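See below for the structure under consideration.
The values are calculated or read from the model by the stated rules, or taken from the named source; none is laboratory data. Everything numeric here is computed off the predicted structure, so don't read it as measured data. Cβ atoms come from the backbone with ideal geometry, glycine included; neighbour counts cover every protein chain shown. For accessibility, only protein heavy atoms count, side chains too; no ligands or nucleic acids. Shrake-Rupley method; radii C 1.70, N 1.55, O 1.52, S 1.80 Å.
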Amino acid sequence: MDYLRGHGALIPTIKIKDITSDKNNKAILHRIKNNDPSFCKIHVTLCPPGATESQSVYCATDAFELEWLGHFIGRNKHLKKLVLRDYPEGEEAVDNNFSRQIASLHRGVSQNTSIKVIAFEGINLFGNELSQLSPFFASNSELIRIKFEICSFMGESADQFASILENRATNTLNCFELLRCVLDDDSLAEIFGALRIRPQPELIELNLSCSTFGRKSHMELSNLLRLPSLTRLQKLNLFDIRLNDTAIDLLTFAIADNGQMKIRTLDISLNPSITPRGYRALSTLLERQNCNLEVLDLSCNNICDEGIISISRSLVKNRSLVALYLGRNPGISAARGWAAISHALCDTSSVNGTFLSNHTLQHVHNPCWGYMRRLPSDLLSSLKLNKNRNKKQVAINKILMHHDELNMNPFFKWELKMLPLVIEWFDRANDCERISKASLKEKKLSAIFQVVSNMPQLVAFYLFVQELRLSGACICLPMGT
């Protein structure tokens with residue numbers, strides 16, 4: 001409070017030009033100081049002025065400038081996003097009195113209550129930087145997203161951040177990201193443990209891409225995912241985190257055990273240590289009746305045919321997966337791997353097999369991974385058919401495309417009661433663009449002929465009754481006729 005009061009007394013007399021000489025910095029300070037409602041985000045970096053002309057990037061050089069910048073940020077009511085990036089390192093940090101500069105900035109930022117997103121990019125965190133921001137993390141009830149990207153957690157910084165998470169007064173986070181960060185297995189496990197001790201029921205996205213996972217962190221992550229309070233978690237990104245079969249076992253068990261969690265997107269791409277055993281464990285998750293996964297990314301995993309066959313078998317029972325990304329996996333062969341996926345989407349061995357096939361999967365390639373070699377034509381056809389939202393229509397289309405003559409024998413036990421249903425079924429098939437009207441009519445007449453030719457006495461009796469009714473004769477039929 002003394003810090004704020006000291007600056008508050010100078011506010012009426014301080015001039016922006018006395019704080020910084022850089023034109024871009026002046027404009028940013030002016031907008032923050034005057035609570036410009038249109039100025040909602042700021043990137044702060046310790047680099048020479050003029051390094052960028054972005055209207056939201058503040059390039060600071062000394063403690064005095066950062067102290068005022070932090071003060072104005074602390075008092076601002078409209079800022080929503082703060083990015084701290086590219087702090088100096090080594091001799092440059094010592095020469096420029098780095099610690100004092102950062103402390104000046106962080107003390108001011110800690111007073112802000114409007115920021116919703118805070119991000120650290122390209123920073124070596126030694127501990128003090130985070131402890132100075134403890135008041136901000138503890139009291140800001142608006143904060144919904146925390147992001148660390150290309151950051152190194154040095155010394156006790158991971159311990160301090162775990163403590164910050166445990167002591168947060170509110171549980172408002174909906175997104176937590178650790179991207180390409182350097183921290184050891186124990187430190188990562190400690191952060192997950194803090195998230196478990198202080199649950200975040202609003203958490204929607206957990207992005208841990210390219211982090212250095214080990215046995216402890218895999219275990220703590222699985223314990224975190226078992227929390228019943230994580231009812232809103234929908235997106236889990238585990239891209240390039242050294243997943244192996246044991247880690248996949250822990251992951252699938254945790255997701256399966258937590259009946260309250262409804263993850264819709266799971267990215268485990270660029271984890272080539274997963275073997276067919278791991279994919280068998282993953283397939284059990286896809287087979288579960290309460291599976292909510294809509295996107296599963298297995299790109300660049302060095303997956304082979306055996307792993308794909310396990311996944312494809314689970315697709316027959318899965319009714320939620322829309323995208324199964326398999327790009328950059330040269331071990332998948334057309335004869336076995338892709339053929340297994342195609343069979344899961346359209347089993348042509350029988351009409352019933354086609355009907356029970358997967359009619360949900362629509363994509364097998366993530367455009368983010370660039371070009372993908374051409375897929376088998378039958379697989380492409382099924383993927384395109386599956387894009388129809390009417391899944392009953394998808395099943396009808398596949399049956400008509402792959403079965404020249406429909407065998408009506410299994411339905412004869414219903415006798416003539418099935419005939420109107422057959423006619424209605426073919427009428428609904430009129431929307432199939434890949435079947436000509438002439439071919440559709442031929443299949444329809446063939447089905448009707450099978451029914452009539454196999455029940456001649458019933459058909460004759462039915463026509464006789466209809467003729468009597470038309471003539472006005474009194475008809476007395478046995479019960480059930």
Exercise. Would you kindly derive the ³J(HN,Hα) couplings of the range 398-407 from the backbone phi angles with the Karplus curve 6.51 cos²θ - 1.76 cosθ + 1.60 (θ = phi - 60°), listing them in order in whole Hz, with x for Gly and Pro?
Key: 5, 4, 5, 6, 10, 10, 5, 10, 8, 7
Quiz item: To the nearest 20 debye, what is the magnitude of the charge dipole of the chain about its Cα centre, counting +1 on the Cβ of each Lys and Arg and -1 on the Cβ of each Asp and Glu?
Solution: 1860
Practice problem: Give the Rg/Rh ratio for the chain, taking Rg as the radius of gyration of the Cα atoms and Rh as the Kirkwood radius, to two decimals. | Solution: 1.18
Quiz prompt | Inter-part distance where the range 98-130 and the range 421-441 are each reduced to a Cα centre, Å | solution = 66
Quiz item: What number comes out for the charge environment of CYS346, summing +1 per Lys or Arg and -1 per Asp or Glu over other residues with Cβ under 11 Å away?
Solution: -1
Exercise. Rank-order 215-223, 177-185 by packing density, defined as the average count of other C-beta atoms within 10 Å over each peptide's residues, highest first.
Key: 215-223, 177-185
Quiz item: At what distance in nm do the modelled label points of THR212 and VAL322 sit from each other, each positioned 7 Å from its Cα along Cα→Cβ?
Solution: 3.8
Quiz item: If you roll a 1.4 Å probe over the chain with all protein chains in place, what percent of the accessible area is carbon or sulfur?
Solution: 53
Self-check item: Where the range 97-208 is the region considered: accessible area per residue in Å², 1.4 Å probe
Solution: 34
Self-check item: Where N is the number of residues in the range 312-411, Cα Rg divided by 2.2 N^0.38 Å
Solution: 1.11
Exercise. Note the angle between two axes, namely the Cα long axis of helix 215-225 and the longest principal axis of the Cα atoms of the chain, as a number of degrees from 0 to 90, rounded to the nearest 10.
Key: 70
Quiz prompt | Alpha-carbon Rg with Dmax, taken over the range 111-172, Å | solution = 11.2, 30
Quiz item: Considering only CYS181, THR45, ASN366, whose Cα is most displaced toward the positive end of the charge dipole of the chain, charges sitting on Cβ of Lys, Arg (+1) and Asp, Glu (-1)?
Solution: ASN366
Practice problem: List every residue whose amide H lies under 5 Å from the amide H of VAL44, counting only residues 5 or more places away in sequence or on a different chain, with H placed 1.01 Å from N in the peptide plane. | Solution: TYR58, VAL83, LEU84, ARG85
Exercise. Report, in deg cm²/dmol and to the nearest 500, the calculated mean residue ellipticity at 222 nm for the chain, where each DSSP H run with n ≥ 4 adds -39500 (n - 2.57) and the sum is divided by the residue count.
Key: -13000 deg cm²/dmol
Practice problem: State which entries of LYS398/LYS437; LYS391/LYS444; LYS417/LYS441; LYS384/LYS444; LYS392/LYS417 exceed 23 angstrom in Cα-Cα distance in the structure shown. | Solution: LYS384/LYS444
Self-check item: Helix 157-166 vs. the chain, principal-axis angle (Cα, 0 to 90°, nearest 10)
Solution: 60
Quiz item: Pairing the Cα long axis of helix 305-315 with the longest principal axis of the chain, what angle in degrees results, from 0 to 90 and rounded to the nearest 10?
Solution: 70
Practice problem: Give, as a single signed number, the net charge of other residues whose beta carbon lies under 12 Å from the beta carbon of GLU205, with Lys and Arg counted +1 and Asp and Glu -1. | Solution: +2
Self-check item: Residue-by-residue Karplus 3J(HN,Hα) for the range 71-79, coefficients 6.51, -1.76, 1.60, Hz, glycine and proline x
Solution: 4, 5, 5, x, 8, 5, 10, 10, 5
Quiz item: When Rg is the radius of gyration of the Cα atoms in the range 195-300 and Rh is its Kirkwood radius, what does Rg/Rh come to?
Solution: 0.92
